[in-house]
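The values are calculated or read from the model by the stated rules, or taken from the named source; none is laboratory data. Note that the structure is predicted; figures quoted are calculated from it, not measured. Every residue, glycine as well, gets a Cβ built from its backbone with ideal geometry; the counts of neighbours run over all protein chains shown. Calculation scope for accessible area: heavy atoms of the full protein, side chains included, ligands and nucleic acids excluded. Shrake-Rupley method; radii C 1.70, N 1.55, O 1.52, S 1.80 Å.
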Amino acid sequence: MRGGIMHVLVTGGAGYIGSHTVVALQEAGHDVLVYDNFCNSSRIVLDRIEQITGRIVDFIEGDIRDRQKMDALFAEHDIDAVIHFAGLKAVAESVEKPYEYYDNNVGGTLSLLDAMRTAGCTNIIFSSSATVYGNPAKLPITEDFPKGAPANPYGRTKSMIEDILIDIQAADPAYNVVLLRYFNPIGAHESGLIGEAPQGRPNNLMPYITQVAVGALPELGVFGDDYDTPDGTGVRDYIHVVDLARGHVAALQAVEDGCGLGIYNLGTGNGTSVLELIDAFEAATGQKVPYTIQPRRPGDVDALYADCSKAQAELGWTAVCDIERMCADAWRWQQANPHGYEA
Ligand code: NAD
Ligand code: UD1
């Protein structure tokens, strides 16, 4: 570490949140090494990051489960901290292929942690999720809520990895561990150069909306209008991915300051329903989003939104982008890249 500049290994740095975080880290002056096996991302993203920041992105192609490669990486690079995004994240796929999810997410994290231990690297920031709260008893959600029962194997991998990291930090106070519980990241970098590029039909709401708006899909299905919410559709805490990325830079500062264990919600604190998001998108972009009401999706909850005052008080971080900005940036990205990176 040199004068607050850290050398950061970003696993999964070519992915949606990872790529925006690499931009934020480089813009904050940190040195970044991306490690990714590109199982859910494109190499083109690295060129796009370089266009935005004007800095080269060092990267190594590899799998976090490849211990030899991980050991070689740590032997050759003096890594101050790891930001760990690498993992599989499709909820429905995790129900069909649980082994792949436990192996990649939990097994991969154990492999990474063992390589870090061998190298003496004790600083890690982990991508967790609001899914660890299950169906909370009240709202907004604070970090001291008991963890719930996640509805699927994906969610259980996140909860297990949290427990592993908490135990490791408790056993050795040299560790600085930050668990970031993301709410619903959407949007894209304002340049339109990087954004969310799901493979196949999107599972999540915003990429589905933008693909309907661009004409790639005929209409949106709204999953249920009989939830216990003001308009009956599901309410979530959507957060701009660039705000989320800045949250990682703030967490890195906490790690440098020797935070021990830190657990933070990253959201905006505002709940937005599916119909409100469609309205906001139409207002921000002038595009119509045709939709029909469909049955509820299994595993969905009525409403989830965060209390983010802990991140504000302890990390000095707060989300600044509103829902219109999230929609406008998602649309700019989708228009410029109608088929994602591979077009
Ligand atoms: P993403 O799929 O775009 O990015 C994940 C990256 O990790 C991809 O580039 C993929 O190629 C890489 N990867 C996967 N397995 C790997 C392995 N074994 N070795 C090396 N690289 C591997 O996903 P994202 O939306 O950017 O999410 C990043 C992290 O944040 C994930 O851990 C995800 O579970 C978590 N998260 C995401 C959301 C969300 O809404 N996107 C919400 C909560 C938590
Ligand atoms: C989902 C995952 C969650 C994961 C998160 C980020 C489920 C049950 N949960 O969260 O574990 O951490 O993505 O990857 O999959 N909706 C529609 N039509 C659509 C898509 C979604 O109406 O085509 C609705 C949903 O019912 C929900 C809201 O939009 O009310 C948001 O859905 P989505 O974007 O998938 O996020 P979550 O379900 O909150």
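So if I check each of 109, 118, which one is open to solvent by 10 Å² or more (accessible area, probe 1.4 Å) and touching a residue at least 40 places away in the same chain (Cβ under 8 Å)?
Values: 109 fails: open to solvent by 10 Å² or more (accessible area, probe 1.4 Å).
Going through 109, 118 in turn, just one is open to solvent by 10 Å² or more (accessible area, probe 1.4 Å) and touching a residue at least 40 places away in the same chain (Cβ under 8 Å): 118.
Tell me, yes or no, whether the range 132-150 has at least one residue that is touching a residue at least 24 places away in the same chain (Cβ under 8 Å) and in a strand (DSSP E or B).
Within the range 132-150, one or more residues are touching a residue at least 24 places away in the same chain (Cβ under 8 Å) and in a strand (DSSP E or B).
Test of understanding: among 232, 260, which residue is of a type outside the set (Val, Ile, Thr), farther than 30 Å from residue 13 by Cα, open to solvent by less than 20 Å² (accessible area, probe 1.4 Å) and out of contact with any Ser or Thr (no Cβ under 7 Å at 6 or more places or on another chain)? Walk me through it before giving the result.
Values: 260 fails: farther than 30 Å from residue 13 by Cα.
Of 232, 260, the one residue that is of a type outside the set (Val, Ile, Thr), farther than 30 Å from residue 13 by Cα, open to solvent by less than 20 Å² (accessible area, probe 1.4 Å) and out of contact with any Ser or Thr (no Cβ under 7 Å at 6 or more places or on another chain) is 232.
Quick check on this structure: which one of 283, 336, 319 is of a type in the set (A, V, I, L, M) and under 22 Å from residue 125 (Cα atoms)? Show your work before the answer.
On the way: 283 fails: under 22 Å from residue 125 (Cα atoms); 336 fails: under 22 Å from residue 125 (Cα atoms).
Residue meeting the stated conditions: 319.
For the range 1-42, give me each residue that is among the hydrophobic types (A, V, I, L, M, F, W, C) and not in a strand (DSSP E or B). Break it down into steps so the answer makes sense when it comes.
Initial filter on the range 1-42 (among the hydrophobic types (A, V, I, L, M, F, W, C)): 1, 5-6, 8-10, 14, 17, 22-25, 28, 32-34, 38-39.
Result: 1, 6, 14, 17, 22, 23, 24, 25, 28, 38, 39.
Table: residues versus (1) of a type outside the set (A, V, I, L, M); (2) away from ligand 2 (no atom under 14 Å from the Cβ); (3) within 22 Å of residue 16 (Cα to Cα).
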residue	(1), (2), (3)
237	yes, no, yes
248	yes, yes, yes
283	no, yes, no
303	no, no, no
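Would you confirm, using the coordinates I've provided, whether residue 17 is in contact (Cβ under 8 Å) with a residue 60 or more places away in the chain and away from ligand 2 (no atom under 16 Å from the Cβ)?
On the way: in contact (Cβ under 8 Å) with a residue 60 or more places away in the chain: yes; away from ligand 2 (no atom under 16 Å from the Cβ): no.
Criteria not met by residue 17.
In the range 37-62, how many are touching a strand residue (DSSP E or B) at 6+ places or on another chain (Cβ under 9 Å) and surrounded by fewer than 18 Cβ atoms within 10 Å (Cβ to Cβ)?
The qualifying residues number 6.
Based on this model, can you work out whether residue 238 counts as within 14 Å of the chain's Cα centre (by Cα) and under 19 Å from residue 14 (Cβ atoms)?
So residue 238 does not fit the description; no.
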